[in-house]
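A.B. asks: Below you'll find the structure I mean.
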Amino acid sequence: MSTDSRTVPRAARLAPEVISTTGLTKVYPGTGGRRQGLKAVDGLDLSVRRGEIFGLLGPNGAGKTTTVGMLTTRVIPSSGVAEVNGVDVVAHPPQVKRCIGVVHQLNTLDRSLNAWENLYFHGRYYGMPAKAARQAADEQLERFRLSHRARSEVRTLSGGMARRLMVARAVLHRPAVLFLDEPTASLDPQSRLALWDILEEIRTEGQTILLTTHYMEEAEAFCDRVAIMDHGRILALDTPASLKRSVGNGKGTTSTVRAWLTRLRAEARSVEPELDGGDGPLDDPTVEAALLEVVAAADRLGLNLDDVRRGVTLETVFFELTGRDLRE
Amino acid sequence: MTTTVPIDAVPVESPSPRASWSAFRALLLRDLTVLDKDLKEFLPNTLMQPAMLVFVFTYVFPRIGQGIGGSGNVGRFSTLLLGGLVAQSIAFQGLFRVALPLARELDITNELEDRVLAPTHISVIAFEKIVAGALQGLFAGLIVFPVAAFLPSTPIYLRAHWSTLVIVTVLSCYASAALGLTIGTRIEARLVPILVGFVALPLGFFGAIFYTWDALTPIGWLKAAVLINPMLYMSEGFRAALSIGVVHMPLGAIIGALTAFSVLFTVLGIRGFKKRVLS
């Protein structure tokens, strides 16, 4: 695992630490239930700096949500230290809550209140005077394109609108760090796109974000750094590009290309590539040429290739590190 | 997008009772706003049962010769019923207005999340639930009082002992809401319907609404058993505070028991709340 300064974006390297954990561990005790005796998070060391977008990836049960739970004061660590904005999460939960915003994967809007009231009362919980909270609620609705639904009961909002309202609520009090737990889970493609537009806006304002997601392409496009978690531990932590390079260097890509070539060779002796892919990274022209050779060979054989992809995605890295076995 | 607000790190603040107090006030304001929205359900729900009981017990029964209310002393019965009805309204609304939404919010809808993340201690958030429930219980008691006092067609003998009335009212409202927190944090939402059978009915029927505790003397074991029912002390307390010529248990016992129940349910309720929202 690489956590040295080389992997941290330069701007973030200079910024103060907003999230810091040392040996953070959570063991679920208890007398029953599926989590009994489970080491959900196991000695986590994490450092997120101001302005950074940090992604936690991992299969179900990897410990992502428990990690977010501890950082947001809802799960009490079994051992280790966690600080948010320099405040210990165990010793001073109210101060930590003051400087975080949280968007859950489930709809946590207050159904007894309408959309505007959800924002207004949120502002009041954070100590805003009535007038400031009213103004903030109006502004957030406008900004998140929900003004036309201000007086709507929240149960009448679509999934996408509800999630936008949750983000609007989470950033209303201008938190030092925004936690997004599976922000686009169960949204349709259009709503996902709309939500990402908004998250991009928030990102450009310099908001520090820690997000968990299953969507590799989202993590790849959005995160400055990504930690891949499994069984409560971090398996890899780096920028998406570095993570992909690390796997591109390995056997995965070249062996796939070789396997294809072998198969094609067996079917038609005419294919005689000098290129075996070598052991270079994906960008290596040798691999690229090998892929072209595969396409050409398929063409000569009259085979239709449905899809030819070049490049390692974060998903490749993910499977490489966490395996392909079904978890549940 | 209308404005671009630079988002910056919020400075670390020292633990401030003022911040806790403002979060508490905002949470309370939220609950009272919800009560205001629910008023068209809250009012009939609160008034229906007392109004029917008053009608049947003090109008219908005396006219059809039903023996309820003692041997012909219907005035005395209306007088004792008043304390019981006010107590019952406070207890039921205080308890259920806390327990029912809580069971749903904790178990199914997750909608308590934003309030749990309010920048204050979890125990303050739990305590706010008690205060909000107590205020709703008080409101229920206030709207039921005129029904129980003026609707009976039989004479009613009242005299307010103000200090007793204030103490009994505050303790009854508080204890009911704290019981609501205790139950609401321990019951699964799908089991809520059994609250009627297992909580409301025993509380009501053995809570000395239709009879005084003293009247149970012929059934010694029952007279002892009902002492575990908090509503007993509320009914007796309101009789002590309002009624003339009705025997009630010693005031010290009433206030002592209601205080003890308040403390017990607060401890159990806050503990239950923490257990549900923290892991």
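The values are calculated or read from the model by the stated rules, or taken from the named source; none is laboratory data. Keep in mind the model is a prediction, meaning the values are calculated, not measured. Note that each Cβ is placed from the backbone with ideal geometry, even for glycine, and that neighbours are counted across all protein chains shown. Protein only, heavy atoms only, side chains kept; ligands, DNA and RNA dropped before computing areas. Shrake-Rupley method; radii C 1.70, N 1.55, O 1.52, S 1.80 Å.
A.B. asks: Which residue out of B:A177, B:A241, B:A260 is surrounded by fewer than 20 Cβ atoms within 10 Å (Cβ to Cβ) and not in a loop (DSSP other than H, G, I, E, B)? Before you say what the answer is, go through the steps one by one.
C.D. replies: Working: B:A177 fails: surrounded by fewer than 20 Cβ atoms within 10 Å (Cβ to Cβ); B:A241 fails: surrounded by fewer than 20 Cβ atoms within 10 Å (Cβ to Cβ).
Step by step, each of B:A177, B:A241, B:A260 is checked, and only B:A260 is surrounded by fewer than 20 Cβ atoms within 10 Å (Cβ to Cβ) and not in a loop (DSSP other than H, G, I, E, B).
A.B. asks: Within the stretch B:58-73, is even one residue at pLDDT 80 or above and either over 30 Å from A:I202 (Cβ atoms) or within 14 Å of chain A (Cβ to nearest Cβ) (or both)? Please lay out each step first, then the result.
C.D. replies: Going through the stretch B:58-73, the residues at pLDDT 80 or above turn out to be B:60, B:64.
Filter once more, so that each one left must be either over 30 Å from A:I202 (Cβ atoms) or within 14 Å of chain A (Cβ to nearest Cβ) (or both): B:60, B:64.
Among the residues of the stretch B:58-73, at least one is at pLDDT 80 or above and either over 30 Å from A:I202 (Cβ atoms) or within 14 Å of chain A (Cβ to nearest Cβ) (or both), which makes the answer yes.
A.B. asks: Check B:T169 against each of (1) touching a Ser or Thr at 6+ places or on another chain (Cβ under 6 Å); (2) at pLDDT 90 or above and name the one condition it does not meet.
C.D. replies: With respect to (1) touching a Ser or Thr at 6+ places or on another chain (Cβ under 6 Å); (2) at pLDDT 90 or above, B:T169 is out only on (1).
A.B. asks: Going by what's in this entry, would B:G269 be described as surrounded by fewer than 16 Cβ atoms within 10 Å (Cβ to Cβ), out of contact with any Cys (no Cβ under 7 Å at 6 or more places or on another chain) and part of a helix (DSSP H, G or I)?
C.D. replies: Details: surrounded by fewer than 16 Cβ atoms within 10 Å (Cβ to Cβ): no; out of contact with any Cys (no Cβ under 7 Å at 6 or more places or on another chain): yes; part of a helix (DSSP H, G or I): yes.
The answer is no for B:G269.
A.B. asks: Now for a different question. If a residue counts only when it is open to solvent by 10 Å² or more (accessible area, probe 1.4 Å), which strands (runs of 3 or more DSSP E) contained entirely in the stretch A:19-123 have at least 2 such residues?
C.D. replies: Details: elements: A:38-49, A:53-57, A:79-84, A:100-103.
So the answer is A:38-49, A:79-84.
A.B. asks: Filter the stretch B:111-170 down to the residues that are part of a loop (DSSP other than H, G, I, E, B) and away from chain A (no Cβ under 14 Å) and list them by number.
C.D. replies: Applying the first criterion (part of a loop (DSSP other than H, G, I, E, B)) to the stretch B:111-170 yields B:111-112, B:117-121, B:151-157, B:159-161.
Answer for the stretch B:111-170, where residues must be part of a loop (DSSP other than H, G, I, E, B) and away from chain A (no Cβ under 14 Å): B:L151, B:P152, B:S153, B:T154, B:P155, B:I156, B:Y157, B:R159, B:A160, B:H161.
A.B. asks: Taking the stretch B:182-233, which residues are farther than 19 Å from B:S172 by Cβ and in a loop (DSSP other than H, G, I, E, B)?
C.D. replies: Across the stretch B:182-233, the qualifying residues are B:T185, B:R186, B:I187, B:E188, B:V192, B:P193, B:T217, B:P218, B:I219.
Quick grid of which residues meet (1) under 15 Å from the mean Cα position of the chain (by Cα); (2) more than 16 Å from B:G207 (Cα to Cα):
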| position | (1), (2) |
| --- | --- |
| B:M231 | yes, no |
| B:S262 | yes, yes |
| B:I270 | no, yes |
| B:K275 | no, yes |
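A.B. asks: Among the numbered criteria (1) open to solvent by 20 Å² or more (accessible area, probe 1.4 Å); (2) facing chain B (nearest Cβ under 10 Å); (3) in a helix (DSSP H, G or I); (4) without any contact (Cβ under 8 Å) to a residue 24 or more places away in the chain, which single criterion is violated by A:R155?
C.D. replies: It fails just one condition, (4).
A.B. asks: Can A:I198 be described as surrounded by fewer than 23 Cβ atoms within 10 Å (Cβ to Cβ) and within 12 Å of chain B (Cβ to nearest Cβ)?
C.D. replies: Numbers: surrounded by fewer than 23 Cβ atoms within 10 Å (Cβ to Cβ): yes; within 12 Å of chain B (Cβ to nearest Cβ): yes.
In short, yes.
A.B. asks: Step by step: first the residues of the stretch A:80-129, then only those that are without any contact (Cβ under 8 Å) to a residue 12 or more places away in the chain and aliphatic (A, V, I, L, M), then the one that is nearest to the other protein chains (Cβ to nearest Cβ). Which residue is that?
C.D. replies: Restricting to residues being without any contact (Cβ under 8 Å) to a residue 12 or more places away in the chain and aliphatic (A, V, I, L, M), the top hit is A:L106.
A.B. asks: Consider the stretch A:129-152. How many of its residues are open to solvent by 40 Å² or more (accessible area, probe 1.4 Å) and part of a loop (DSSP other than H, G, I, E, B)?
C.D. replies: Total meeting the criteria: 3.
A.B. asks: I'd like to verify a number: residues in the stretch A:201-222 that are among the acidic types (D, E) and within 14 Å of chain B (Cβ to nearest Cβ), how many? Please lay out each step first, then the result.
C.D. replies: From the stretch A:201-222, those among the acidic types (D, E) are A:201, A:205, A:217-218, A:220; that's our starting set.
Pick out the ones that are also within 14 Å of chain B (Cβ to nearest Cβ) and you get A:201, A:205.
Number satisfying all stated conditions: 2.
So that you can scan it fast, the table gives a plain yes or no per residue for (1) assigned to a helix (DSSP H, G or I); (2) open to solvent by 30 Å² or more (accessible area, probe 1.4 Å); (3) closer than 13 Å to A:E315 by Cβ; (4) outside the structural domain of A:L46 (by TED's automatic domain parsing):
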| residue | (1), (2), (3), (4) |
| --- | --- |
| A:R203 | yes, yes, no, no |
| A:L210 | no, no, no, no |
| A:E220 | yes, yes, yes, no |
| A:V226 | no, no, yes, no |
